1. Please give, to one decimal in nm, the separation of the simple spin-label points placed at B:Asp287 and A:Asp177, each 7 Å out from Cα toward the Cβ.
2. Taking trypsin sites (Lys or Arg not before Pro) as exposed when DSSP calls them loop (any state but H, G, I, E, B) and at most 12 other Cβ atoms lie within 10 Å, what is the longest stretch of chain A free of them, the sites themselves excluded?
3. Taking a cut-off of 15 Å, what percent of all Cα-Cα pairs in region B:74-115 are separated by more than that?
4. In µm²/s, what is D for region B:1-82 at 4 °C and 1.567 mPa s, where D = kT/(6 pi eta Rh) by Stokes-Einstein and Rh is the Kirkwood radius from Cα pairs?
5. Between B:Asn62, B:Asn266, B:Asn208, find the one with the highest GNM mean-square fluctuation for chain B; connect C-alpha pairs within less than 10 Å.
6. GNM on chain B, C-alpha springs below 10 Å: top fluctuator among B:Pro213, B:Pro295, B:Pro111?
7. By a straight-distance test (C-alpha under 18 Å), which lysines pair with B:Lys158 as possible cross-link partners, with residues fewer than eight away in the same chain excluded?
8. Please order B:Val355, A:Val178, B:Val171 by the number of other Cβ within 10 Å, starting at the fewest.
Amino acid sequence: MNFQDIVFYVFSTILIVSALGVVMSRNPVYSALLLVLSFITCAGLWLLLEAEFLAITLVLVYVGAVMVLFLFVVMMLDINLAQLREGFWRWFPVGGLIALVIVAEIALIMSGSYFSLEEMPAPEPKPADYSNTKELGRVLYTEYVYAFELAAVLLLVAMVAAIALTLRHREDKKSLDVARQVSVKKEDRLRIVSMPAEKKE
Amino acid sequence: MESIQQLFEQFFGLEWGFMLFTLVKNLAYIIAIAVPLLLGVAYLTFAERKIIAYMQIRVGPNRVTFFGIPWLRGWGQPIADAVKALMKEIVIPTGANKFLFIMAPILTIMPALAAWAVVPFSAELVLADINAGLLYILAMTSMGIYGVIIAGWASNSKYAFLGAMRSAAQVVSYELAMGFALVCVLMMSQSLNLGDIVNGQQGGSMLNWYLIPLFPMFLVYFISGVAETNRAPFDVAEGESEIVAGFHVDYSGMAFTVFFLAEYANMILVATLTAIMFLGGWLPPLDIAPFNMIPGFIWLLLKIAFLLFFFLWFRATFPRYRYDQIMRLGWKVFIPITLIWIVVLGLIMQLPESVRNDFPYHLWF
């Protein structure tokens, strides 16, 4: 067992424990934070596979942005555990069945020959000037350019839809026009009146 | 260095000796970066108090000195403050979540220090010269927000939670503008490595620094940096006149000081990154005799100090932004500017060679 193996087992153990914690923890904030931990350890595993661009992007996008907003929503929820457990046993068979089906599907895929150790050897060490980022960009913009553009458009549509759903024009709300605020001059607001001094009675 | 490596390899075998040697060597480097950094943080607080005091026609801290030397009056102040903070009790509120309450300051300072791993101090002086250095920095700085959110939630106080909410929304929005501004930098340098970015700005004088072709991006990046570090005029996360002290209202003693240290360490980090991306890093402003005799590290320090002065100047000058105005500036002003600039830059890069040479921009490509 060499150093890389130890790193791999340490990261994998943390990943599995924290992923279990995500579903087992009673406190949803702990769940969200454990999910962050599993993302970070996952990024560590990807670094071992020499996929440094994907690893850092995982941390940047999921840890740095998505989970922040997620954590945020979770913190504002007022969760009643007793209410949440209601009907647990009634729905247990359905949930169990779905879980079994998913486990079977994953097992079928993972035990296929295309995931065997011979098919997926450990990555070869790359020369120092090899840039993962450049390689990925080259593939994305040549071979997979249509799929890539399509995904981008899909995301844009989803974003516009989300904004359109929350947008509503309220009649009772006072809104500010910043351009008008900025362009206000002293003469528009202030009038200096010259008055003769008055005598105090 | 090699004799120490051989010593390790004799004791622990060839493979393990090398691993342990690398570990010890890197730990020594980390200490060599972190200790001066924390000293810099301590004296940045002193500089802030002095500079703001002079701007407000006061004197600032002028009592604490070392060994009673009269002309060092005031210079002992940061050390005295640190000792005071160490002595104070850390009060944990009854309703707080104890584990997360203690974790929050640690989570705040961890990324602020970890980001320094890839920062180059001169052409050769860098701890980890990785390919995706810029991405690593972005990833680390984006993790700093967790400490603030967790602190706000774990304190179990409405003021703290309001501060955390404000801070989360603000940091996530300004990160976008910051990232897009950096995309322009890496379009020009064609590299994610910080050392390569500085080398791309080489060439005789400061006209080659990215500051000039990317001046709007420099402004966007630096202002977003001020917003990212929650400094005045973007310090609504603390907003002492509205929500007492925001996310750290319930913190005291060393736990509070760690938040404080992280804020200043982040300031130095943003100033360093701005110096590297836009002000030519360790390059002298003019590559002629008196300037290029000064070592590059000194130039980098001078640039960092120059940018840090702006942080302090902003704080002494500007009133606090209103919250909706912060959001407007981030989403409706900075992000459109950066997006348009990326498109313009891309178009210029796509021009045929002959046209680009006639274009005034040929200086920089």
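Where a number appears in this text, it was derived from the coordinates with a stated rule and is not lab data. If you're wondering where the values come from, they're calculated on a predicted model, not measured in any experiment. When we count neighbours, we look across all protein chains shown, and the Cβ atoms used for this are built from the backbone with ideal geometry, even at glycine.
1. 5.4
2. Values: sites that count: A:Arg26, A:Arg168, A:Arg170, A:Lys173, A:Lys174, A:Lys185, A:Arg191, A:Lys199, A:Lys200.
Here the longest segment lacking exposed loop sites spans A:27-167.
3. On the way: 542 of 861 pairs.
Summing the P(r) tail past 15 Å for region B:74-115 gives 63 percent.
4. Numbers: Rh = 15.9 Å.
Approximately 81 µm²/s, per Stokes-Einstein.
5. Per the Cα network of chain B with a 10 Å cutoff, B:Asn62 tops the list.
6. In this elastic network of chain B, the residue with the biggest mean-square fluctuation among B:Pro213, B:Pro295, B:Pro111 is B:Pro295.
7. B:Lys98
8. Values: B:Val355 10, A:Val178 13, B:Val171 27.
Placing the least packed residue first, the sequence is B:Val355, A:Val178, B:Val171.
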